[in-house]
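Trainee: Handing you this structure, nothing more for now.
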Amino acid sequence: MTTPDKPTYLLTPLFASFPVFWGKWRSSFVLALRSLWLHKLRSILSVLGIIIGTGAVITLMAFGKGSMEDALEDIRRQGTTNIIVHSVKPPDDPTAQRTSWVANYGLTWDDYDRLSILETVVGMVPMRIFPQQIRYIDRVVMNARVVATTEDYAKINHFNMAVGRFLVDGEDQRDEGDDQRSRNVIVLGARVAEELFPFKQAVGQSVVLKGEQYVVVGVIKDRTPRGGTPSGGQKAEDFNNDVYIPLNTAKLRFGARMIIRQGGSRSGEQVELHQITLTVSDIDKVRSTGDVVRNLLERYHQKQDWDVAVPLDRLEEAERARSRGNWLLAAIAAISLLVGGIGIMNIMLATVTERTREIGIRRALGAKRRDITMQFIIEAVVQTTIGGLLGMAAGFAIIFGVPFLCRVLLNSPLPAQLDIFSIFLSLGVAIAVGVGF
């Protein structure tokens, strides 16, 4: 008679007991489903908190992540290796005597020349910005923002053209670009193009800007506005309401002074450059270059009529805020799951109390304490699992439905980005709540 080897001898009791274990588990599972089906209203009310909690976790995390990613992308579009220098109108000094109604402040071409010799700076884009009325036949855009700049502005802001082109540089000495030739060409933002040319192609048409004809050479795709800087030096930019002309064209057509008439009074400002965007060679040199720029401007400007913004600082701060915000949203939404768990606990307590007769009969027929416990645990897990799946479905419907309705009905995009982590988190917490409570 041969003796079986040791592994087979150890595994034989396990395989022998597996059918018994599976049979008990399946029987308890069937009893749990039957009990839930016989008390449908009670089951629905008990899982309602789990449905709301799971849907809240997924929805809040999705809209929170979408909003944060939208803000981060807004900062990234400004360039992590860029430094943005703005002209800022200083507050009026009541003690000073005003000798002119024209305010003279801000960045100058001398500043541009000083900044251009910095070793770490590999690119520069100057800008002039002013409001102006734009007209095409009988259609008028009253407060469009005219941006006079060079062809590199589109590269820095990552513009995508809907049709046509942006301002171009000359390919060789015989073919000079729009800025070098001071051409009367203009590029329209999406909203301006839609208001002036709702039923026809904008490219090739002529618009009137301060009495001069400008040929439309391109239209920029619709894009979300960019937020301003906390210091107030940079206002929020709505690219869809912008139009772009060559910088030298603005010098010839508008001059150095801008006259603003408001409420019967007139005021003027003389700003040579409203903004200079610097591109730094290395991301590690951005902050040190920003300090050098501030020192140069402080040396040559007697008053604080400028502001320096470093998008890299804003990006890192926003990423830290995103991490904190995600955990905060998850904690707030998890409260709903906790409340749902308390509801399940109350319902299960009432269920056990009213089913004392059933429990006694099962114990008399040979059921053990752990069998009774297993049945009620399975009932709770089934309820929370079903509630979690229904909450997922509700969350998906809100994530994909609400932004669609906002885009169609309100013409206002609502950013939402599905967070996979929130799905597993909500389902895991729901099932754990069912077992624990």
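The values are calculated or read from the model by the stated rules, or taken from the named source; none is laboratory data. This is a predicted model, so every value here is computed, not measured. Quick reminder, even Gly has a Cβ in these numbers, built from the backbone with ideal geometry, and neighbours come from all protein chains shown. Quick note on the areas: whole protein, heavy atoms, side chains included, nothing else; ligands and nucleic acids left out. Shrake-Rupley method; radii C 1.70, N 1.55, O 1.52, S 1.80 Å.
Trainee: Quick check on ILE75: is it of a type outside the set (D, E, K, R) and either part of a loop (DSSP other than H, G, I, E, B) or modelled with pLDDT under 80 (or both)?
Mentor: In short, yes.
Trainee: Hey, GLU237 hits all of (1) open to solvent by less than 10 Å² (accessible area, probe 1.4 Å); (2) modelled with pLDDT under 85; (3) farther than 20 Å from THR277 by Cα but one; which does it fall short on?
Mentor: (3)
Trainee: Something else: Sort through GLY255, GLY211 and tell me the only one that's over 34 Å from the mean Cα position of the chain (by Cα), modelled with pLDDT of 70 or more, open to solvent by 10 Å² or more (accessible area, probe 1.4 Å) and closer than 30 Å to ILE83 by Cβ.
Mentor: That would be GLY255, the only listed residue that is over 34 Å from the mean Cα position of the chain (by Cα), modelled with pLDDT of 70 or more, open to solvent by 10 Å² or more (accessible area, probe 1.4 Å) and closer than 30 Å to ILE83 by Cβ.
Trainee: Ok, one more. Of everything in the stretch 337-394, what is of a type in the set (A, V, I, L, M, F, W, C), touching a Lys or Arg at 6+ places or on another chain (Cβ under 9 Å) and open to solvent by 40 Å² or more (accessible area, probe 1.4 Å)? Give them in sequence order.
Mentor: The answer is ILE347, ALA350, MET374.
Trainee: Filter the stretch 279-313 down to the residues that are of a type in the set (A, V, I, L, M), open to solvent by less than 30 Å² (accessible area, probe 1.4 Å) and within 25 Å of the chain's Cα centre (by Cα) and list them by number.
Mentor: Selection gives VAL286, VAL308, ALA309, VAL310, LEU312.
Trainee: Just to confirm my filter: which strands (runs of 3 or more DSSP E) fall fully inside the stretch 109-191 and include at least 1 residues that are in contact (Cβ under 8 Å) with a residue 12 or more places away in the chain and open to solvent by 30 Å² or more (accessible area, probe 1.4 Å)?
Mentor: Those strands (runs of 3 or more DSSP E) span 121-136, 139-149, 161-164.
Trainee: OK, next. Is it the case, given these coordinates, that PHE396 is farther than 15 Å from GLY53 by Cβ, within 21 Å of the chain's Cα centre (by Cα) and part of a helix (DSSP H, G or I)?
Mentor: Yes; evaluated as a whole, the condition is true for this residue.
Trainee: Here's a follow-up. Working only within the stretch 277-311, note down all residues that are of a type in the set (Val, Ile, Thr) and part of a loop (DSSP other than H, G, I, E, B).
Mentor: The one that is of a type in the set (Val, Ile, Thr) and part of a loop (DSSP other than H, G, I, E, B): VAL310.
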